[in-house]
Amino acid sequence: MSMNGVTTPTPSLSKEELARYSRHLLMPEINTQGQRRLKAARVLCIGTGGLGSPAALYLGAAGVGTIGLVDFDEVELSNLQRQLLHGTRDVGRSKLESASDRLRDVNPHVEIEAHDCRFCSENATNLVARYDVVVDGSDNFPTRYLSNDVCVWARKPNVYGSVYRFDGQSTVFAPHLGGPCYRCLFPDPPEPGTVPNCAEAGVLGVLPGIVGLVQATETIKLILGIGDSLVGRLLQFDALKMKFREFNLRRDAQCPVCGDSPTITEPIDYEAFCGRADAAEEAKPIRAISVHDLKRKLAQAHSVTLLDVREPFEYEIARIEGSKLIPLSELKGRLGELGREQEIIAMCKSGSRSANAVQLLQKAGFTQSFNLAGGIDAWANEIDPTMEKY
Ligand SMILES: [Zn+2]
């Protein structure tokens with residue numbers, strides 16, 4: 001492909017493909033030559049969730065010849081509000097299988113390469129090497145830093161997108177094309193627990209659709225070599241105001257990965273990097289107990305207060321019997337409802353909101369407060385398989 005300085009001979013198109021792609025072929029910016037380029041292209045989608053769904057669906061429909069999918073999750077009911085690669089009958093199935101089936105139905109000419117794994121330091125370099133463009137549809141910081149770094153080293157465009165409640169953003173990280181990388185913008189990951197994910201904060205269902213399609217559009221333009229790409233520009237979208245804004249981005253010459261004298265030249269331990277395992281934390285560590293320890297305590301009729309800090313609708317879906325609901329946002333004003341001498345075990349969906357709750361409780365002098373590690377999710381997975389998951 002031209003964008004990598006490698007010229008691949010473009011494959012020809014069958015009669016069926018000519019008919020299928022006729023609306024592309026009519027446009028002089030694409031025509032047969034561009035459509036053959038799309039067919040020759042290889043795109044890696046990291047994740048088949050909110051962003052990966054629209055991106056992969058439209059890239060497949062547009063005739064991108066080979067789409068690699070990386071995922072290891074199963075389809076859950078709460079995914080279906082936005083992850084349209086998967087349907088109701090796919091709940092409980094592997095996302096990779098469900099996504100591959102759907103994409104083959106959308107366009108049987110597309111070669112699907114399913115990678116059943118977590119995108120991690122051990123496999124990222126080899127995976128990225130096999131593709132021309134990477135679409136980062138991940139929802140966590142370790143994966144974002146990893147896909148950024150590996151793409152910088154491999155000189156592959158990393159088409160970035162992220163969503164949060166009603167806000168989304170997208171850009172193309174490609175220092176080899178003149179723009180910055182993710183680390184130029186965010187040299188340090190946020191403090192753990194300060195940026196909630198979609199499962200904690202919620203997301204408007206259509207939002208990843210819009211952002212994922214911006215990612216698909218940029219990918220197609222890069223493959224075709226047309227238009228002005230988002231390299232060097234961050235596009236922000238506010239769904240409530242229905243406004244797109246953009247900011248110019250610059251490469252940081254001091255960047256440890258894409259700067260003039262890089263100090264990071266191979267994959268690191270991204271979980272540790274983002275968990276700040278190496279940083280000496282000033283704050284008191286949050287004390288946690290496992291779901292198994294909690295089960296033992298409850299079986300021994302140990303006197304504990306089970307404090308659930310999720311929202312009422314979540315409590316409605318699933319809860320541990322006997323738990324008291326005080327949503328995190330109300331906790332500060334309702335501390336009087338809790339006993340200071342009492343052992344308190346705080347819980348939420350996955351353990352991140354409740355970690356904040358324990359921090360708040362400890363500061364307020366509730367010395368016997370603990371976080372339930374892994375939250376209600378862990379309870380459902382490890383203790384009570386009949387519990388509804390969301
Ligand atoms: Zn950089």
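The mean accessible area for residues of the chain, using a 1.4 Å probe and ignoring ligands and nucleic acids, is 48 Å² per residue. In the chain, carbon and sulfur make up what percent of the accessible area (probe 1.4 Å)? Roughly 51 percent, rounded to a whole number.
To the nearest 20 debye, what charge dipole does the chain have about its Cα centre, counting +1 at the Cβ of each Lys and Arg and -1 at the Cβ of each Asp and Glu?
Rounded to the nearest 20 debye, it is 840 debye.
Counting only lysines at least 8 places from Lys332 when in the same chain, those with an alpha carbon closer than 21 Å to its own are Lys284, Lys324, Lys349, Lys363. Maximal additional length on extending the Ala364-Gln342 stretch stands at 6.6 nm, based on 0.36 nm per residue less the C-alpha distance. Ranked by the mean number of other Cβ atoms within 10 Å per residue, highest first, peptides 187-199, 142-154, 67-79, 120-132 order as 142-154, 67-79, 120-132, 187-199. In straight-distance terms, cross-link reach from Lys95 covers every one of the lysines whose alpha-carbon lies under 18 Å from its own, apart from those fewer than eight places away in the same chain; here that gives Lys389.
Sorted largest first by accessible area at a 1.4 angstrom probe radius, with every protein chain in place, the residues His292, His86 fall in the order His292, His86.
For segment 116-268, what is the convex hull (Cα atoms) projected area averaged across all directions, in square nanometres?
9.5 nm²
Over the chain, DSSP H runs of length four or greater, each weighted -39,500 (n - 2.57), average out per residue to a 222 nm ellipticity of -9500 deg cm²/dmol.
In terms of overall dimensions, segment 104-155 has a Cα radius of gyration and Dmax of 12.3, 35 angstrom. With the convex hull of its Cα atoms as the shape, the chain has an orientation-averaged projected area of 21.1 nm². The protection proxy used here, the mean number of other Cβ atoms lying within 10 Å of each residue, ranks peptides 160-168, 18-26 as follows, highest first: 160-168, 18-26.
The values are calculated or read from the model by the stated rules, or taken from the named source; none is laboratory data. Bear in mind that the values here come from a model prediction, so they are computed numbers and not experimental data. FYI the Cβ positions are ideal-geometry reconstructions off the backbone, even for glycines, and counts take in every protein chain you see. Only protein heavy atoms, including side chains, enter the accessible area calculation; ligands, DNA and RNA are left aside. Shrake-Rupley method; radii C 1.70, N 1.55, O 1.52, S 1.80 Å.
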